[in-house]
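Beneath this line is the structure, given in structure tokens, with notes to follow.
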Amino acid sequence: MMSSKIPKQCPICGAVAAQERSSPRVVRVGTEEYRIEDDLAMHCGACGELYYTPGQARASSRKLTALKAIRKDRLRPEQIKSIRGAAGLSQRRLEELLGVGPKTFTRWESGDTLPNAATDRLLRLLYLVPQWVEIAGEPFERLGYLRQRPTETSSRDYLVAGVSPVNPTPVQNKDTRSSPSLAIGV
């Protein structure tokens, strides 16, 4: 990190008067606003320009991603890493199972980006039902066989399958917006 005491050359006016400054900043993303506290940026004392160094821009972006995760009730980077670790999967293997691109888990676990809502829910299911990993990569034709094989059935199995133990027809989920709360290692 740059020292705030040593002036740097401003890329706009060329004066050697830019210093690192911390201040709150409001960022608008679509229709939503996020307030980033202690946002570090360079400020030129000569022309008044504010700009970011690459390191400052990345730190600010990660702070914004963390604020989005909180507001949208998404998994935080440390939770995603914990879920993946508990499942005993490498980033690459879980990327293959979820059908996401290479280095996606690196970006999620570092806080550079957030998984979309559907992937966030799948990760929560992986946390709640680790056996999902055993069938996630299976061809669709094989899933019918796995569904029909005899097992000891508990009420949790019915809940996971979306059927009632009394009436084995699919149960309509009344509120699809809710998701289980998840506190891993916090």
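The values are calculated or read from the model by the stated rules, or taken from the named source; none is laboratory data. As the structure is a prediction and not an experimental result, all values here were calculated from the model. Note that we place each Cβ from the backbone using ideal geometry, even for glycine, and neighbour counts take in every protein chain shown.
Does segment 14-30 contain any residue that is on the phi < 0 side of the Ramachandran plot, in a strand (DSSP E or B) and touching a Gly at 6+ places or on another chain (Cβ under 6 Å)?
Looking for residues that are on the phi < 0 side of the Ramachandran plot, in a strand (DSSP E or B) and touching a Gly at 6+ places or on another chain (Cβ under 6 Å), one finds at least one in segment 14-30, hence yes.
Go through (1) among the hydrophobic types (A, V, I, L, M, F, W, C); (2) at pLDDT below 95; (3) closer than 19 Å to Val29 by Cβ one by one and return the number of the condition Trp108 breaks. Among (1) among the hydrophobic types (A, V, I, L, M, F, W, C); (2) at pLDDT below 95; (3) closer than 19 Å to Val29 by Cβ, Trp108 violates only (2).
Restricted to segment 43-105, the set of helices (runs of 4 or more DSSP H) holding at least 2 residues that are under 30 Å from Pro11 (Cα atoms) comprises 54-71.
Here's the yes/no breakdown for (1) in contact with a Lys or Arg (Cβ under 8 Å, 6 or more places away or on another chain); (2) modelled with pLDDT of 55 or more; (3) surrounded by 10 or more Cβ atoms within 10 Å (Cβ to Cβ):
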site: Gln148; (1), (2), (3): no, yes, no
site: Ser164; (1), (2), (3): no, no, yes
site: Thr176; (1), (2), (3): no, no, no
site: Ala183; (1), (2), (3): no, no, no
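Of note, Arg35 satisfies the criterion of being part of a strand (DSSP E or B) and surrounded by fewer than 16 Cβ atoms within 10 Å (Cβ to Cβ). When residues in segment 106-127 are screened for being assigned to a helix (DSSP H, G or I) and within 14 Å of the chain's Cα centre (by Cα), 13 of them pass. For segment 77-84, indicate whether the set of residues that are touching a helix residue (DSSP H, G or I) at 6+ places or on another chain (Cβ under 8 Å) and of a type in the set (A, V, I, L, M) is non-empty. Yes, because at least one residue in segment 77-84 is touching a helix residue (DSSP H, G or I) at 6+ places or on another chain (Cβ under 8 Å) and of a type in the set (A, V, I, L, M). Give the residues of segment 110-121 that are surrounded by fewer than 18 Cβ atoms within 10 Å (Cβ to Cβ) and in contact (Cβ under 8 Å) with a residue 24 or more places away in the chain, sorted by residue number. Correct list: Ser110, Asp112, Thr113, Ala117, Arg121.
For the condition within 26 Å of Asp120 (Cα to Cα) and touching a Gly at 6+ places or on another chain (Cβ under 8 Å), Ser82 qualifies.
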